Amino acid sequence: MVVSCRMGAGMRNAVIWATIFGAAILLAGCTAMSGGARLEPAPHQVQAFGGVLRGVNETQDEPARRRFIFNIHGMGPTSADYNKPLWEHLVRAGYARDNQGAWTPAPLGEGAYRLRGEGFKCSPTPDARHDPPCAYRTFGKYRVDVFSRSKGSVREEVYVYTYFWEADLWALQAPYLTGDLQEPILPRQGIGNGLLKRYVMDHGFSDAVAYLGPGGNLVREGVRGAVCVMMKHAMKARGASEPPPPDPLGGSHCLEVLGDGFEVPIDVEFSFISHSLGSRMLLDALAPYTTPTAGAVGARSVKSDISLQKLADRTRTFFMAANQVPLLGIGRVELISTTSPPPPGASEGRSFLDFKLGKAPREKAAVSPILELDVVAFWDPGDLLGFKVDGGMAQREFEGPGVTYTTVAHRNTPQWAFLFSWPSAAHDREMETASAYRLILCGGDVGASGRLKPRPCF
């Protein structure tokens, strides 16, 4: 019995020392911990930025507002409830969840858009049903969740619009990538190569390729439709939790019809939260565009310009997590000809932010615009799918009177032995971590140590 006890004690000691040794190895290998948000480059001229719940110059005693937040996810396999962390953080900030919205498909127009591709198996006869990838009547879906909290004698209201596109865009890719995904990782691909191939390429860059092709037109139309519903919702009276129905003729038609009639109440402001590929999708969808319905093919849609201008005027913050705007900007390089006009449908190189920057023609708005707009891009140095915006590009595209661009360096997962960070965690956790969400909701100030500290708003 004595021998048995001694052997048991020895075994426990061995386990304890092995645990301590293993922990030491892990800590020694961890060359960068997650968290620790900083502004890039340092020192940075911007010392603070606002959040979706509190503007950079907003004080706690200002009148209650109605805040409309539009959120769009990024590349890779995504659950439809990807916005759950935002909903949870709003509750932690003291907001009650008044309404849980139902999913609504975003219409594309009267008829179905038919597609064909080398990998598709489609019926040769026209069919009006929604049947991705051969025919689309809608693209993506959205929902509206309503939150509120008391502020003085009234309720401060937050309307969260969540747009989900992954299922419809994946339908375009599945015929081409299913065979590749069915290949077992072991023994042929190898664990490292197999995991990177599956989660970075097959379920990552493939989304960007599909978007930069003709399928991107359908994505943009779906996003416009959901944003237009949000804009019409903002014109309703305080307390109107139910959104208006989507325009059955599509998002572009909705923005054109809205035009002059879109007047935003003075207590309303908009914010956008985007992740990864979703940032490019959102900027493209809200950019001035040409449309056949405005007259001749390629004609400017002046009415939609007015709608987008008024939306920009009342936009407070634009957050881009796991920023991919630099990479996808390569796909928007335009051919400029001095001897012939650009082909129909060209974007003319204009951006949603041009309305804010004064680069686009303006119509007089009935409501005074919000003067400052914070564009904030989160970037993890270990993210294989995230890209840092060059200072020159930021100045050309995002900075100007009333618009400030900020890059926030924020690690989402540890780096090991100066070798690697887990790719999916580095890219996806921006929209999951509490530290990032406090900065998105409340804004941040640069502390004495140079690190960003969330502003108080909870």
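On the given criteria, is Cys122 without any contact (Cβ under 8 Å) to a residue 40 or more places away in the chain, surrounded by 18 or more Cβ atoms within 10 Å (Cβ to Cβ) and farther than 23 Å from Glu372 by Cβ? Answer is no for this residue. Whether any residue in the stretch 48-61 is modelled with pLDDT of 85 or more, among the small types (Gly, Ala, Ser) and assigned to a strand (DSSP E or B) is what I want to check. Yes.
On the basis of being over 26 Å from Asp131 (Cα atoms), out of contact with any helix residue (DSSP H, G or I) (no Cβ under 8 Å at 6 or more places or on another chain) and among the polar types (S, T, N, Q), does Asn217 make the cut? Criteria not met by Asn217. Within the stretch 260-286, the set of residues being surrounded by fewer than 17 Cβ atoms within 10 Å (Cβ to Cβ), in contact (Cβ under 8 Å) with a residue 12 or more places away in the chain and farther than 22 Å from Val146 by Cα comprises Asp260 only. Just to verify a result, which residue in the stretch 146-168, among those that are surrounded by fewer than 23 Cβ atoms within 10 Å (Cβ to Cβ) and farther than 19 Å from Cys457 by Cβ, is modelled with the lowest pLDDT? The extreme case among them is Ser153.
Which one is modelled with the lowest pLDDT among residues in the stretch 284-337 that are within 30 Å of Ala426 (Cβ to Cβ) and in a loop (DSSP other than H, G, I, E, B)? Of everything passing the filter in the stretch 284-337, Val333 is modelled with the lowest pLDDT. For the stretch 150-169, name all the residues that are in contact with a strand residue (DSSP E or B) (Cβ under 9 Å, 6 or more places away or on another chain) and of a type in the set (S, T, N, Q). Result: Ser150, Thr162. Would you call Ala23 assigned to a helix (DSSP H, G or I), at pLDDT 60 or above and among the aliphatic types (A, V, I, L, M)? In short, yes.
Mind listing whichever residues of the stretch 66-94 are more than 18 Å from the chain's Cα centre (by Cα), surrounded by 14 or more Cβ atoms within 10 Å (Cβ to Cβ) and either at pLDDT 95 or above or under 30 Å from Ala426 (Cβ atoms) (or both)? The one that is more than 18 Å from the chain's Cα centre (by Cα), surrounded by 14 or more Cβ atoms within 10 Å (Cβ to Cβ) and either at pLDDT 95 or above or under 30 Å from Ala426 (Cβ atoms) (or both): Ala93.
Of the residues making up the stretch 234-275, those that are in contact with an Asp or Glu (Cβ under 8 Å, 6 or more places away or on another chain), modelled with pLDDT of 90 or more and within 27 Å of Asn83 (Cα to Cα) are Met235, Pro248, Gly250, Gly251, Ser252, Cys254, His275. Here His89 fulfils each of the conditions (1) touching a residue at least 12 places away in the same chain (Cβ under 8 Å); (2) farther than 26 Å from Ala64 by Cβ apart from (2).
Can you tell me which residues in the stretch 364-387 are modelled with pLDDT under 65 and either within 16 Å of the chain's Cα centre (by Cα) or surrounded by 14 or more Cβ atoms within 10 Å (Cβ to Cβ) (or both)? Within the stretch 364-387, just Ala365 meets the criteria.
Restricting the stretch 234-259 to residues that are assigned to a helix (DSSP H, G or I) and of a type in the set (A, V, I, L, M, F, W, C) leaves a set whose member that is surrounded by the most Cβ atoms within 10 Å (Cβ to Cβ) is Leu255.
For the stretch 97-143, filtering for residues that are under 19 Å from Tyr176 (Cβ atoms), assigned to a strand (DSSP E or B) and among the aliphatic types (A, V, I, L, M) leaves 1. Considering only the stretch 154-165, I want to know if a residue exists there that is among the charged types (D, E, K, R), in contact (Cβ under 8 Å) with a residue 60 or more places away in the chain, closer than 19 Å to Val219 by Cα and out of contact with any Leu (no Cβ under 6 Å at 6 or more places or on another chain). Within the stretch 154-165 (the criterion being among the charged types (D, E, K, R), in contact (Cβ under 8 Å) with a residue 60 or more places away in the chain, closer than 19 Å to Val219 by Cα and out of contact with any Leu (no Cβ under 6 Å at 6 or more places or on another chain)), the answer is no, since none of the residues qualifies. Inspect the stretch 178-185 for any residue being at pLDDT below 90 and either polar (S, T, N, Q) or under 30 Å from Phe458 (Cβ atoms) (or both) and give the result as yes or no. Yes: one or more hits. Of all the numbered requirements in (1) within 30 Å of Val268 (Cα to Cα); (2) surrounded by 15 or more Cβ atoms within 10 Å (Cβ to Cβ); (3) not β-branched (Val, Ile, Thr), Asp131 misses one, and that requirement is (1). The set of residues in the stretch 144-203 being of a type in the set (Val, Ile, Thr) and over 28 Å from the mean Cα position of the chain (by Cα) consists of Val154, Ile185, Ile191.
The values are calculated or read from the model by the stated rules, or taken from the named source; none is laboratory data. These numbers were taken from a predicted model, which means no experiment stands behind them. Methodologically, a virtual Cβ is constructed for each residue, glycine included, from the backbone with ideal geometry; neighbour enumeration extends over all protein chains shown.
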